[in-house]
Structure formats: C-alpha cells, structure tokens
Amino acid sequence: MEKTLHIVGGGMAGSEAAWQAAEAGVPVILHEMRPHVGTFAHHTGNYAEMVCSNSFRSDDDEQNAVGLLHWEMRAAGGLIMEMADRHALPAGGALAVDRDAFSASVTEKLRAHPLISFEDREISQLPTDGTWIFATGPLTSDALAQAILAETGTEALAFFDAIAPIVHFDTIDLSKAWFQSRYDKGDTEEQRKAYLNCPMDRDQYEAFIDAILAADKTEFREGETAGYFDGCLPIEVMAERGRETLRHGPMKPVGLTNPHNPEQKAYAVVQLRRDNALGTLFNIVGFQTKMKYGAQTEVFRMIPGLENASFARLGGIHRNTFLNSPTLLDDQMRLKSRPNLRFAGQITGVEGYVESAAMGLVAGRLAAAEIKGQTLPPPPRVTAMGALLAHISGDAEAKTFQPMNVNFGLFPPIEAKGGRRGRKDRYKAYTDRAKTEWQSWIAAQE
Ligand SMILES: Cc1cc2nc3c(=O)[nH]c(=O)nc-3n(C[C@H](O)[C@H](O)[C@H](O)COP(=O)(O)OP(=O)(O)OC[C@H]3O[C@@H](n4cnc5c(N)ncnc54)[C@H](O)[C@@H]3O)c2cc1C
C-alpha cells in the first residue's frame, strides 16, 4: 500500500486531518484549490479560513456538548483548538477567535511540518488508488461534486448557510448601546462585557418587524429551499413565523440591564459580538439574512445605536453540499463502495467549524492507522466525537438526514434525577463519562 495520505481540502477538517496524520508519522499531501480556484465565501488562500462567524461556540466542557468537543480535541493535540486558544477573543462563555490570526497560524504550522507537502490545485475526479480523505466542505467545487454524485448515485443536497452582517465599531452609538454579556457571564471583566447591546422598546420592535417583513429579499431559486437547516434561519423567516419569534430568539431581552436607562426593561435587544482582535469590527449575533443589501442597511439602521452604522460586510445565505452519510459511509468514515476514499468535515453532514474540525481529527487518525497497518476502532460512542460519528455513519435516519450540530441528544442516555438540577447532573455525567473514555481511546494509540 502507498504510504502517503492524500487530503483534499485545507479547511477546518482537512487541516486537522493533515496535522493528526503527520503527527502520527504518516506523510501527507494536502491538495487545496485556493487561491487559484476560489469560492464565494473564502477570501484568502489560507488554510482553516473561517467564512462567517468568528465563534467556536460554548467552551463549557462540563455542561455543553460543543465545549466537550473542544476538550476532546485539546486532549488529542488538535491543531485547530491550539490555534483557536492562541487567538481567543473575549466572548463571555464562548470561544471566539481573531479569524485572520487564527488561519494564518494554522497555515504556518502546517507549512512548517516536515511530513506535510502541498499541491495547490483543484481535484475534480475521485482517484482509483491511494488512500484519500475528501474534506472539501459545504462549497465543494462543482466538478468534484459531479464526480461524487456519479460515484454514489445518491443526490447530495443543497441548502443554505447564513452570514450575519458585520459593523464597524466606531460607527456604533455608545450613548445608546452598552457592553454586557448576558447574566454578566465570564471570569474576567472583559468576558463579562463581551457583547454590545442595542435596546428596543415595544414601538421600535414592532416597526423593526414591519420593516423586515416588507424588505426586498433575494428570491430563492426553484428547489433551493429543500433541506433548509433550522439552526441558521434568516431573521426574515423567523419574523414570518410570528412577530414574537425574534424576541424569543436572538433578540431576547433577558439577563441584561441598560446602564443608560436602568429603570426601563428593554422589550427586545440586538446583540453584537466582537469580530476581530483589534475590536474594530462587531457582528450582529444571529442576524443571517437573505434581504437585499440596500434593504439590509435601511433595516439595520433602525436598531437604536446603529442609526449611523457602517457595515464591513452585509448578510447573505448560501449553499451547503453534503452527503447522505448514513447510507454511504462506514464507521471508519470510508465510502462503502470505494473504501480507499474517506470523507471528513461538513460534507459528511456535520454542521459547524468545531464539528468539522472534529471529524477531520478522527478521519486523520483512522487513515493514519490504516496506512501503518493498524486497526483503530472508531472513538467510543459515549464521547462527543463518537456520538457525532455514530450519528452520521448510521444512527441518523437516512431518509430525513440533515446536517447536525453536536448535542447531548446524540449520546447514549444516562439516568439522573429529574428537574433542572437533574439536567445539570446528567450533563455532567455525560461529560465525565466521555472524558474517561476519550482518554482511554487516545492512550491506546500511544
Ligand atoms: C457562507 C457560509 C457561512 C458559514 N457560517 C458558519 C458559521 O458562522 N459558523 C460555523 O461554525 N460554520 C459556518 N459555516 C459552515 C462552515 O463552512 C463549516 O463549519 C466549516 O468551514 C466546514 O469545514 P470543512 O473543512 O468541512 O470545509 P471548509 O472549511 O469549507 O474547507 C473545505 C476546503 O476544500 C477546498 N476545496 C473544495 N473543493 C475542492 C476541490 N475540488 N479540490 C481542492 N480543494 C477543494 C475549499 O477551498 C476549502 O478550503 C458556513 C458555511 C458557509 C458556506
């Protein structure tokens, strides 16, 4: 067997897979089409570019499944987590990063690894020999997507991912907006003030909803709405579902006190989160949209504090390509019909930077073991990695398969006392159990 591992795609998954395999002593060739062939969402030639939000979400490894995934990746020497930690920004209980510094340092680390070499070109066919991981993501190039379709005979679905607008900080009116994380969450003053809040009274909220509903939207193409992912609905779709939906979603006014007007409770609050280390850019949390650009600036300037906002980037909604993994992949992430080909990352039907990097980590380790003539079992089902992998490689209902974020619902259940306290205990039991099993899985490879 050829001793080199080929990886296609230097995104979250491909970068982590390359790192893991090379660290296991296996030579890697990383094939990446950027910067020669671009995508509409990537702007650089760097590896692990974050195309939208700069958040890796919750960093709570005791009560949150994403936080647990962070923990598992750190325990496995994950490159993506190491660089995310190095370039972390204050964001309450979340892990937000300085996106440019983050991807530049992932690129630097990969380029410096003696076992990784690089081919900057598009791969448009499925190779017949060699060991390969395809980690080409939601924006897999058209030619390759066609080649995959021809092989699998199963239709990869197209649906939407969403971009939230980014505002220049110095155009936000701080006599109206204020810094505070919900419930003052965070260990440091910086963390407790990680968000900028823009309050609305009832009249302002009602007028805002009217404006969203009336705004010009980019039309969906025929068939485009099939497979909509509920986790990233555009705000106008939320508003269409009910006038109160946004107030109970991204605009909920809880856990916040307006220092400019402490006596009056806001009816709704728009939150912005820091988007770069300099603190010059802030994104509007949860405000992905398919409103036309002109309409967006008009509508978003109705938000108190953003009347004079200038936007570094407006929102958008875009394509996502993913496989029907439960029917196509085995528990080693191999294509059942062509076991020399693995898939990893978002194309396998996980959703998000963290989940994609996690699936890259596992794929890299599984492929490296195979090349070294070893048999590595998939991670235990009770770990966050194992739960995600089990979901995509068979647990999920194939007919209705949709991209999935990691969550405790994917874990084998644990009995615990009922009620609120019971849920806390149960989550802690899930994370304790996962950590023990993950450490054993890692230790067995050393
Ligand atoms: C518009 C948009 C917004 C998103 N917003 C968020 C967000 O806010 N938060 C979040 O967690 N996730 C978001 N996602 C999902 C995000 O893309 C994934 O979570 C993550 O980047 C997927 O990692 P990946 O490694 O699977 O794919 P990617 O990171 O996209 O990496 C795939 C790589 O493969 C390369 N490639 C593609 N085809 C070929 C080919 N034929 N040959 C060679 N190279 C190829 C691409 O250039 C790219 O570098 C968004 C996705 C899109 C499209």
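The values are calculated or read from the model by the stated rules, or taken from the named source; none is laboratory data. All figures in this text were calculated on a predicted structure; none of them were measured in a lab. When we count neighbours, we look across all protein chains shown, and the Cβ atoms used for this are built from the backbone with ideal geometry, even at glycine.
Tabulated data
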| quantity | calculated |
| --- | --- |
| Residues within segment 127-141 that are more than 9 Å from the ligand (Cβ to nearest atom) and within 26 Å of the chain's Cα centre (by Cα), tallied | 2 |
| Test: residue in segment 287-294 that is in the same structural domain as residue 207 (by TED's automatic domain parsing) and away from the ligand (no atom under 16 Å from the Cβ) | yes |
| Which listed residue, of 117, 103, is more than 9 Å from the ligand (Cβ to nearest atom) and over 17 Å from the mean Cα position of the chain (by Cα) | 117 |
| Hey, residue 93 within 13 Å of the ligand (Cβ to nearest atom), over 15 Å from the mean Cα position of the chain (by Cα), surrounded by fewer than 24 Cβ atoms within 10 Å (Cβ to Cβ) and modelled with pLDDT under 95 or not | no |
| Odd one out for residue 391, checked against (1) surrounded by fewer than 18 Cβ atoms within 10 Å (Cβ to Cβ); (2) over 21 Å from residue 75 (Cα atoms) | (1) |
| Some residue of segment 196-213 being of a type outside the set (Ser, Thr, Tyr), near the ligand (Cβ under 10 Å from one of its atoms), touching a residue at least 12 places away in the same chain (Cβ under 8 Å) and under 28 Å from residue 403 (Cα atoms) | no |
| Entirely in segment 319-397, the helices (runs of 4 or more DSSP H) that have 3 or more residues that are within 16 Å of the ligand (Cβ to nearest atom) | 353-371, 384-390 |
| In segment 17-70, residue farthest from residue 347 (Cα to Cα) [restricted to those that are more than 8 Å from the ligand (Cβ to nearest atom) and acidic (Asp, Glu)] | 62 |
| Whichever residue in segment 164-193 is assigned to a helix (DSSP H, G or I) and of a type in the set (S, T, N, Q) and, among such residues, is nearest to the ligand (Cβ to nearest atom) | 191 |
